[in-house]
Amino acid sequence: MFKDKVAVITGGARGIGKCISEEFLKNGADVCVIDKIEGDHYVGDISDKVTLEAFSKYVIDKYGRIDYLVNNALPLMNGINECTYEEFEYALSVGITAPFYLSKLFMPYFSNGGSIINISSSRDRMSQPQTESYTAAKGGIAALTHALAISLAGRVRVNSISPGWIDTSCKIYDGADAFQHPAGRVGVPLDIANMVMFLCSEKSGFITGENICIDGGMTKLMIYNVDNGWNYEEKNKD
């Protein structure tokens, strides 16, 4: 299905991005990864405009086209108490500006049936304290998705995925960590990679502009005190 297709993945050197890259390779695609950590891939910080332009030129000079763009790179997570102006801007640059600009740079080179997949987060609809920079970036890319889907209609399908708790360390979770999920377990990177592969395939040809939450049902469970095993304990405010 993906033989000789060209897939570009940001933040593809580890975690979910690495799993996505491996799945494309297993299915015959040519894969171009950009990540700021050193390795056998294009090394660069996607918060930098010049880096994005150089990387897109590298891809097009090498392959002449692109079939799939997966915007996966991880924004900085910092909260309102500690996050500086510069750190917040950096998070938005990685999480929103880079996906927008890469989409723009690659737009003339997408093949028919091309697909853009933006990796958002279930934090686009729910939060923990002190996560403002990451949450804002993930909410922004979810909104960017449906805007791009309309602008690129008939040329490129654009969808986003909102992962919940995805463990990238191969740890086995049991007890409350697992059972708080209606699915009964913590997620793994392949849960996300499988959806990326589906959304890039012809099987999803009627899906565009969508955000698909893959969180084991966590955001669908209503929580009331002393219900379903939940118990609220107020912190000492003194």
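For segment 99-238, place one equal point scatterer on every Cα, skip the solvent, and apply the Debye formula. What is log10 of I(q)/I(0) at q = 0.09, 0.11 Å⁻¹?
-0.35, -0.51
Excluding ILE161 itself, what net charge comes from residues whose Cβ is under 10 Å from its Cβ, given Lys and Arg +1 and Asp and Glu -1?
Details: positive: none; negative: ASP191, GLU210.
Once all neighbours under 10 Å are counted, the net charge is -2.
What does the charge add up to near SER204, with Lys and Arg as +1, Asp and Glu as -1, over the other residues with Cβ less than 11 Å from its Cβ?
With Lys, Arg at +1 and Asp, Glu at -1, the neighbours total 0.
So who's got an amide H within less than 5 Å of the one on GLY187, skipping anything under 5 residues away but keeping other chains? H placed 1.01 Å off N, in plane.
The list, which skips near neighbours in sequence, is TRP165, ASP167.
Pairs to check: LYS5/LYS49; LYS26/LYS49; LYS5/LYS26. Give those whose C-alpha atoms are more than 23 Å from each other in this structure.
Checking Cα-Cα distances, LYS5/LYS49; LYS26/LYS49 exceed 23 Å.
On a C-alpha basis, how far is the centre of segment 41-95 from the centre of segment 172-231 in Å? Whole number, if you could?
26 Å
Kyte-Doolittle cut-off 0.5, length cut-off 24 Å along the helix's own axis using Cα: show which whole DSSP H helices in the chain pass.
Numbers: long enough: 132-151 (28 Å, 0.58).
Span-like helices here: 132-151.
Order 74-86, 23-35 from most to least packed using the mean count of other Cβ atoms within 10 Å.
Values: 74-86: 14.6, 23-35: 19.6.
Output ranking for 74-86, 23-35: 23-35, 74-86.
Taking the Cα atoms of the chain, report the difference between the largest and smallest coordinate on each principal axis, in whole Å and largest first.
Over the chain, Cα extents along the principal axes are 60, 40, 35 Å.
With each pseudo-label sitting 7 Å past Cα toward Cβ, what's the ALA143-GLU210 distance in nm, one decimal?
2.3 nm
Would you kindly state how much longer the chain becomes between ASP4 and ILE150 on full extension, computed as 0.36 nm times their sequence separation minus their alpha carbon distance, in nm to one decimal? Before the final figure, lay out the partial values.
Details: separation 146, 0.36 × 146 = 52.56 nm, distance 2.75 nm.
Working it through step by step, the gained length comes to 49.8 nm.
Mind listing the long-range amide H neighbours of GLU210? Cut-off is under 5 Å, sequence gap 5 or more, other chains count too, H placed in the peptide plane at 1.01 Å from N.
Residues meeting the criterion, in which the H sits 1.01 Å from N, are SER160.
Sort all Cα-Cα distances of segment 1-59 into consecutive 5 angstrom bins from zero, then give the percent of pairs in each bin up to the one containing the longest distance.
Reading upward from the zero bin: 4, 21, 29, 23, 15, 6, 1.
Label-point separation (nm) for ARG125 and LYS62, each offset 7 Å from Cα along Cα-to-Cβ?
Label-label distance for ARG125 and LYS62, simple model: 3.6 nm.
For segment 30-139, what mean projected area does the convex hull of the alpha carbons give, in nm²?
Mean orientational projected area (segment 30-139, Cα hull): 7.6 nm².
Taking springs between alpha-carbon atoms closer than 10 angstrom, which of ALA136, ALA73, ALA147 fluctuates most in the Gaussian network model of the chain?
In the Gaussian network model the winner is ALA147.
Pulled fully out, how much extra length does the chain show between ASP167 and ASN194, if you take 0.36 nm times their separation in residues and subtract their Cα-Cα distance?
Answer, rounded to one decimal: 8.2 nm.
Around PRO108, with a cut-off of 13 angstrom between Cβ atoms, what is the net charge of the other residues, counting Lys and Arg +1 and Asp and Glu -1?
After counting each charged neighbour, the total is +4.
What nm distance separates the two modelled labels at LYS220 and GLU38, each placed 7 Å from Cα along Cα→Cβ?
Distance between the two pseudo-spin positions: 4.6 nm.
Under 20 Å from the Cα of LYS220, which lysines turn up, not counting those fewer than eight places away in the same chain?
Reachable lysines: LYS138.
The numbers here are math on the coordinates, done by the rules we state, and not lab data. These numbers were taken from a predicted model, which means no experiment stands behind them. Cβ atoms come from the backbone with ideal geometry, glycine included; neighbour counts cover every protein chain shown.
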